[in-house]
Structure formats: C-alpha cells, structure tokens
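First up is the structure itself, then whatever we jot down about it.
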Amino acid sequence: MTFDSEKLQMKIYESGDGAAKLLPVSFDEWESKAKSLLAAAPFGYVHGAAGAGDTNRSNVEAFQKYRIRPRVCCDITKRDMSISLFGAKLPFPVLFAPIGVNTILHPEGELAPARAASKLGIPYILSNVSSIPMETVAEAMGNHVRWFQLYPPKNHELTRSFLERAEAAGYSAIVVTVDSTLLGWRETDLRNAYLPFLSGQGMGNYFTDPVFCSMLKEPPDQDKEAAVKLALDEGNNTCFTWKELDFIRQQTRLPVLIKGITHPDDAVMALEHGVDGIIVSNHGGRQLDGAVATLDSLPAIGEAVQGKVPVLLDSGIRRGADILKAIALGADAVLIGRPYAYALAVAGETGVREVMEHLVAETELQLAISGKSSIREVDASLVVQVK
Ligand code: FNR
C-alpha cells in the first residue's frame, strides 16, 4: 500500500473549521474519550494493570530515559518504513498486539480491528480469547497477514485443534503467550468484580472448537457456566514449561513466536527450544507488578539473541518516538496494544484505523526529521541515554 504521512497531516490541517468533528489525536485524548464512553468496568479492564500499576507506568517511563539525537542535511525526500518478517514484506515495523474479548469495547468485537488491519496492510494478531471465532475473523480479512496467539491449554488435543484451525484459516504464525498462565492481581477489576469471560465473552474460539466441546457434558449454549469454567481452567496452565513449548513447536509448521520474555536467559532458552521469534513483553504490566520495563530489557535480549531470530517488543508504545527508540535499541518491530483498544471503544473500525495510521505517520515523520530515510538504517547510534 502507498502511504503518505505528509498528505495525511495536511488533510487534517485543511479540515479547518471541521476540527471539532475530528477524532482524538493523542493517546491521552483517546484514553479519556474511551473513559467517557465506556462503563467503568470495561474501561477499567483495558486501563488497569497488576497491583500498584508500577510495571505499566515503568513501561511508559522507560522511553523517557532515551533521547533521539538527529542528524541534519540528509536527503529525506523518499522514506521507506518497510521491513521483512518471516519472508513477508511488511509496510511498517508495526503489528496489532493480541487483545482479547473486544466485544466489551465494541459490538463488532475483533472484526473491527481485523478489518482496519487489512486496510492498512498491518498484520493482525488475533487473541486466543477473542469473542469472534478465528475462522470468522479470517473471512473478514481476506488474504491479509494475520497471526494467531495461543494461551497454551493444558489439554494437548485442544492445543493441537487450535493450531490446526489457525493454520487452516490462513494464520501465518503462532504467538505463544507465556507470561499469563495465571491471572495477575488486578485491583481495578477486583474492585469492579469484573472478569468479562464469566459472562461468556471472549470464548469465540473455545465454544466453536470440536475438541473443547467434546470435553463438556452439555454444549456451551446449554451450560455456559460449565463451559466458561473449563475454558478458564484450560488457560490457567500453571504447569506449562519448556517441554510444553516443544510440544507446540512439533505440532505446527508455522513460525512460532514466544510472547512475554523479559530475561535474556529466557530468550536463550527460547532459542534452544526452537522458537522463530521473541516478543519482549510484560503484557502491558497486567501480570507482574514491580517488574522490569520492556524497553529496559531489550538491549540485553538483543545481545543474547544475536540476530538469530526477530525480536519484537510491546508494552508502553504510545507514539512515533517510542517506536523509533524501540527499533534503535534492537527491536525489529513493535506491537501496539492499548492505543487501538481505546480507539475501538471510541469509534470502532474507523477509530482503530485512524489511531494506527497516525502512529505510522508520526513514526515516518520522526524517522525523516531525525535524518534517516529508511527504518532499516536505524540503530543504537540514533539515541542517547539520559541520566
Ligand atoms: C491484552 N494483552 C493480551 N496479550 C495476549 O497475549 N493475549 C490476550 O488475549 C491479551 N489480551 C489483552 C487485553 C487487554 C485489554 C490488554 C490491554 C492487553 C496484552 C497485549 O497483547 C500487549 O502485550 C499489551 O497491550 C502491551 O501493553 P500496552 O502497550 O497496551 O500498554
């Protein structure tokens, strides 16, 4: 797809008197607009984090420890933001993070971000706990790039079934999330006594799965409570170890990425167990409070991985400068989470498209103004660490 950040910027300026009708521009505006539109519980589910929220905060603050040091007098007329990942050319170093249970934010659920992703040519990572089944999402996306995220179930047959369904529905990589084999202590959700899965939302893939249904006495529409209980129990896979990752690796020919790595020794273990990519993530601070920020973890992980597989990063990415800094410090690409979740709540597919488009436009302008014409030229020399 062709993308012109300057044209997009000018279109906004030229809207002139129509400014009042425009959607939000900054992350903070999207967040506060979502807060004003959503009920307290679903807003809290997206906004909230584990414990005191320290990890969540430090993810964002980590970006402030680095400053971009631009070069001048460089020809930046032509810009290239494309990267290649697992043999596919991506227009931007950006993907949609897997975010589950989207029907609490918008009636179209995951269909809205999936459609926005297709229009922008940005890969969409569908959550295991999507409200809409993976096949329906795939149908809405045509042949656009999509990956499937797995919360590894305890049951191997169910694991195999999810993987086979994902492959058959055209998902081209598997993201195994390993930092959430049980739920973090989330004070906001506890105060609101709110876990959306209990009402049957976020169960799109489970309730349509033949293996899952065969494990139930009654089908999900006849005994929803038992079905939800089993799905949550399968996801609470506290005995998941590297051996289980080996099992997953053996079940699929698709690239397997591991999501939730912040320790360089775990990155090395992941390589030893045959992963094709590493996602440096702490789940947006939703799991472990007081944990290390992802950006702070990135350089050591890059050193441990030594370019053997792609390294992606999420948690705390809010604007173009963050994307540039993450890439300078060794990420091949980044995943966007809460920004698109808020936009989904505010304006559905249009909102998601707009927030992602703006992020990409800002990144491209940042790249150019810092003196680079290709994202692939960005390395550690672009940033300085401030004390
Ligand atoms: C998530 N995240 C997540 N991760 C995952 O692997 N599977 C999932 O189903 C979900 N669901 C989910 C729901 C909500 C409401 C949020 C906010 C996050 C984590 C997500 O993929 C990503 O790691 C974080 O969103 C990154 O942090 P920021 O940038 O959103 O702060």
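The values are calculated or read from the model by the stated rules, or taken from the named source; none is laboratory data. These figures come from a predicted structure and were not determined experimentally. FYI the Cβ positions are ideal-geometry reconstructions off the backbone, even for glycines, and counts take in every protein chain you see. Only protein heavy atoms, including side chains, enter the accessible area calculation; ligands, DNA and RNA are left aside. Shrake-Rupley method; radii C 1.70, N 1.55, O 1.52, S 1.80 Å.
In this calculation the C-beta distance from E164 to S26 is compared with R0 = 51 Å, giving a FRET efficiency of 0.75. In plain terms, the chain from K35 to C239 could stretch by 69.8 nm, reckoned as 0.36 nm per residue minus the Cα-Cα distance. For the set E349, E108, the ranking by accessible area, highest first and with no ligand, DNA or RNA atoms included, is E108, E349 under a 1.4 Å probe.
Dipole orientation for the chain: of the candidates V383, G348, I336, V383 has the Cα lying most toward the positive pole (charges on Cβ; Lys, Arg +1; Asp, Glu -1).
In terms of overall dimensions, the C-alpha atoms belonging to the range 302-352 reach 41, 20, 14 Å along their principal axes, ordered largest to smallest.
A 1.4 Å probe run over the protein chains yields, for the range 11-75, 64 Å² of accessible area per residue, whole-number rounding. Calculation over all alpha carbon pairs of the range 90-221 in 10 angstrom steps from 0 returns a P(r) of 12, 42, 35, 11, 1 percent.
Taking 17 Å as the straight-line reach from the Cα of K35, none of the lysines fall in range once those fewer than 8 positions away in the same chain are excluded. Largest accessible area first, the residues F92, F3 order themselves as F3, F92 under a 1.4 Å probe with ligands, DNA and RNA left out. Relative to the longest principal Cα axis of the chain, at what angle does helix 224-235 sit, 0 to 90 degrees, rounded to 10? Tilt relative to the chain: about 60 degrees.
Listed by chain and number, the lysines whose C-alpha is less than 29 Å from the C-alpha of K243, apart from same-chain residues fewer than 8 away, are K154, K229, K259, K308. Per-residue accessible area (protein heavy atoms, 1.4 Å probe) orders L150, L22 as L22, L150, starting from the largest. Rounded to the nearest whole Hz, the Karplus-based 3J(HN,Hα) values (6.51 cos²θ - 1.76 cosθ + 1.60, θ = phi - 60°) of the range 260-266 follow the sequence x, 8, 9, 10, x, 5, 5, with x at glycine and proline. Each label point was placed 7 Å from the Cα along the Cα-to-Cβ direction; for M10 and R253 their separation is 4.8 nm. Ranking C213, G307, T363 by Cα position along the charge dipole of the chain, where only Lys, Arg, Asp and Glu carry charges on their C-beta atoms, puts T363 farthest toward the positive end. The eigenvalues of the Cα gyration tensor, multiplied by 5 and square-rooted, give the range 323-387 an equivalent ellipsoid with semi-axes of 26, 13, 10 Å from largest to smallest. Note on E139 and A52: with the Förster distance fixed at 45 Å, the Cβ-Cβ geometry gives a FRET efficiency of about 0.60. Distance from the Cα centroid of the range 180-213 to that of the range 245-317 is 24 Å (rounded to whole angstrom).
Just the protein heavy atoms count here, and of the accessible area of the chain at 1.4 Å, carbon and sulfur take up 52 percent. Reducing the range 347-375 and the range 327-345 to their Cα centroids gives an inter-centroid distance of 11 Å. Only helical runs count toward this figure. For the chain, summing -39,500 (n - 2.57) over DSSP H runs of n ≥ 4 and dividing by all residues gives -13000 deg cm²/dmol at 222 nm. Along the axis of the charge dipole computed for the range 1-105 (Cβ charges of +1 for Lys and Arg, -1 for Asp and Glu, origin at the Cα centre), the listed residues P24, L85, V60 are led at the positive end by L85.
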